Amino acid sequence: MEKISALQKARFAYQPKLPEVVKGNVADIVVKLGNPTESVSDQEALKALLKGTYGMPVASFEKGTNAKANDKINVGVILSGGQAPGGHNVIAGLFDGVKNGNKESKLYGFLGGPSGIIEGEYVEITSELIDSYRNTGGFDIIGSGRTKLETNEQFDKSLEVCKKLGISAVVIIGGDDSNTNAALMAEYYKSKGEAIQVIGCPKTIDGDLKNEHIETSFGFDTATKVYSELIGNIERDANSAKKYYHFIKLMGRSASHICLECALQTQPNWAIISEEVEKEQKTLTQVVDEIVNVVVKRAEKGDNFGVILVPEGLIEFIPEMKVLIAELNDLLAKKADEFAKVAAADQADWIAKNLTAASASAFTSLPAAIKAQLCMDRDPHGNVQVSRIETEKLLIEMVGAKLETLKAEGKYKGKFAGLNHFFGYEGRCAAPSNFDADYCYSLGYVAFLLIASGLTGYMSSVKNLAKPATEWVPGGIPTSMMFNMEQRHGEKKPVIRKALVELEGAPYKEYVKYRNEWAENTSYLFPGAIQYYGPAEVCDAPTKTLTLESK
């Protein structure tokens, strides 16, 4: 018999909270549709591409009568992309909704991510199976994967599998790309006159899948609390040893939401916000100088230690580096075959010769290790794998060099020793916080209600998240309203626009208000481990970001 911890056993029994309006008999809940919507940009191009699903209204729920909710149906579910805490609870909420509608209905989990629905690899989700995964971290109930569902051939294969299993609806749990693919699948099915519905659920610990209806993506709450506990531990250690500067890189390639949230939770000496760097057009040298300034001022007080937070995607927001990476992406997409034939030792020279003069200069000025990381295999979109670029090590090296220069000039008398960390996988499969356990369960339950309402091309939505769960507002938004057109593999494609840190937003302004004080003084906070049992203000509290954005 598999052994489990006492906490895990207790978590199996935890009953997630639901918004008040969706409690009770599912047949007593009806959908209410609002006004037509538009995409965030490129409206005409997207209207032409998404003829069947563009412009649909926002959905909300109210008490009423929906007899279709009791129909016997079969539903398929897919976990797509990187793991995020709470994925199992989305499936649990979906399962409970399906079974509350009709005990004879079935839920099938496609194995290994989107490839499962193409290859017909699946398992039926039973009560016994789901009960052993409730309120747990990870995606291991059915596994995940990064196969893209984007070609007509793939859609046709998925259609065959769904018909074989009698599936009338598919729920795709994923991030911006996965939900983009879900919307395109919904459009394809509708264009072919097929009745299979497709619903998405917003997942990504990066926090960059959000708008007024998707206040946060699931997993962000848990992951930032895990990272903040670790940062607090390092802050305590730094303040004890008083001899190291810890440079901590945090997940978030396209946005700095994690870095900002962790800064608000832990009050480090400095946190770089990539969106600010881009707006103010700061060079790499200027970013380094800001950190050097913190180190020098603290040294004047006798403090030769500190904690610096670095967003994973920083390098892409620095102007000269952004241009360089864009050129690299295009170059290696167009000349992939030629590049593949270049010996590893000659790749850097080949790249430099094929770039513009400005980008070649930026590329050749980088340390050999960073150049090598820029030459690595592309990600599934054909882009540089920014997570592999050790920005934190680059900053330590450059800060150290600048401090040596200042020391020689008599402008700095302190000591500098840098240590690097990268927190990523540590937060992706953590046991979900109460917030994420509740939020994810609600997202899954609402996904069923959207299916029972006959909708397709929608994303499950739960709003008013800074309030207690009973006051949350469930609904659904047409995924197309989050779309824009972006360059992918050398051509324009419809994708969900990533939500960046708003520099006019309350969370960023709160950080700016205190950052200079935190820079000079040791003002660390130690959040500690996630608490699951105890006062609601401790156990159910949302992130600082949600709290500030709701005011």
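The numbers here are math on the coordinates, done by the rules we state, and not lab data. The structure displayed is predicted, hence computed values, not measured ones. Here the Cβ is made from the backbone with ideal geometry for all residues, glycine too, and neighbour counts use every protein chain on show.
In terms of its C-alpha gyration tensor, the stretch 198-329 has an oblate overall shape, because the principal axis ratio a/c (a ≥ b ≥ c, square roots of the eigenvalues) is not below 1.5 and a/b does not outweigh b/c. Only bridges with both residues in the chain count here: give the DSSP antiparallel percent, nearest 5. Percentage antiparallel, nearest 5: 40. Lysine pair count for the stretch 401-486 with Cα-Cα distance under 22 Å and sequence separation of 8 or more or different chains is 4.
Considering helices alone, the calculated mean residue ellipticity of the chain at 222 nm is -13000 deg cm²/dmol, with DSSP H runs of length four and up weighted by -39500 (n - 2.57) and normalised per residue. In this structure, Ala417 and Lys47 have a Cβ-Cβ separation that, at R0 = 41 Å, corresponds to a calculated FRET efficiency of about 0.10. Assuming a ≥ b ≥ c are the square roots of the Cα gyration tensor eigenvalues, decide whether the stretch 339-428 counts as rounded (a/c under 1.5), prolate (otherwise, with a/b larger than b/c) or oblate. Since a/c reaches 1.5 but b/c is at least a/b, the shape of the stretch 339-428 is classed as oblate. Taking label positions 7 Å along the Cα-Cβ direction at both Glu404 and Lys551, the computed distance is 4.5 nm, reported to one decimal.
A Cβ-based charge dipole, computed about the Cα centre of the stretch 418-551 with Lys and Arg at +1 and Asp and Glu at -1, lands at about 460 debye. When only Cα pairs below 8 angstrom with a gap of at least 6 residues are kept, the stretch 108-197 shows a relative contact order of 28 percent. Packing, taken as the mean count of other beta carbons within 10 Å per residue, orders the peptides 258-264, 394-400 from highest to lowest as 258-264, 394-400. Hydrodynamic radius of the stretch 249-315 by the Kirkwood approach over all distinct alpha-carbon pairs: 12.4 Å. Note: relative contact order over the stretch 17-96, using C-alpha pairs below 8 Å and six or more positions apart, is 35 percent. For the stretch 479-536, the C-alpha radius of gyration divided by 2.2 N^0.38 Å, with N the number of residues, is 1.91. With neighbour counts taken as other beta-carbon atoms within 10 Å, the residues Met482, Met56, Met376 rank, fewest first, as Met376, Met56, Met482. Residues whose amide H comes within less than 5 Å of that of Ser433, counting only those at least five positions distant or on another chain, are Thr222 (H built at 1.01 Å from N in the peptide plane). Averaging the sequence gap over all C-alpha pairs within less than 8 Å and six or more residues apart, then dividing by the number of residues, gives the stretch 167-321 a relative contact order of 22 percent.
Rounded to the nearest Å, what's the spacing between the alpha carbon centres of the stretch 390-451 and the stretch 476-530? Just the number, please. Distance between centres, Cα-based: 14 Å. With Cα atoms defining each centre, the stretch 191-209 and the stretch 82-132 are spaced 15 Å apart in the structure. For the chain, the percent of C-alpha pairs falling in each 10 Å distance bin, counted from 0 to the bin holding the largest distance, reads 4, 18, 26, 25, 17, 8, 2, 0, 0.
For the stretch 66-218, taking the reciprocal of the average inverse distance between every pair of different Cα atoms yields a Kirkwood hydrodynamic radius of 15.5 Å. Candidates Val277, Gly476, Gly137 compared by Cα position along the dipole of the chain: farthest toward the positive end lies Gly137, with charges placed on Cβ.
Here the stretch 347-495 was treated as a single set of alpha-carbon atoms; its pair distances binned every 5 Å from 0 give 2, 7, 9, 10, 11, 11, 12, 10, 9, 9, 7, 3, 1, 0, 0 percent.
Taking the square roots of 5 times each eigenvalue of the Cα gyration tensor of the stretch 419-497, largest first, gives ellipsoid semi-axes of 26, 25, 11 Å. Restricting the calculation to alpha carbons of the stretch 1-129 gives Rg and Dmax of 18.5, 59 angstrom. Residues Trp350, Trp472, arranged from fewest to most other Cβ atoms within 10 angstrom of their Cβ, appear as Trp350, Trp472.
Near the amide H of Ser461, within less than 5 Å, lie the amide hydrogens of Gly475, Gly476, Ile477, all on another chain or at least 5 residues away, with H placed in the peptide plane. Between the listed residues Ser453, Ser41, Met398, the Cα displaced farthest toward the positive end of the dipole of the chain, a dipole computed from Cβ unit charges relative to the Cα centre, is found at Ser453. Sorting 429-441, 458-470, 145-157 by average packing, meaning the other beta carbons within 10 Å per residue, from highest down gives 429-441, 458-470, 145-157.
Binning the alpha carbon pair distances of the stretch 164-231 at 5 angstrom intervals from zero yields the distribution 4, 17, 19, 18, 14, 11, 8, 5, 3, 2, 0, expressed in whole percent.
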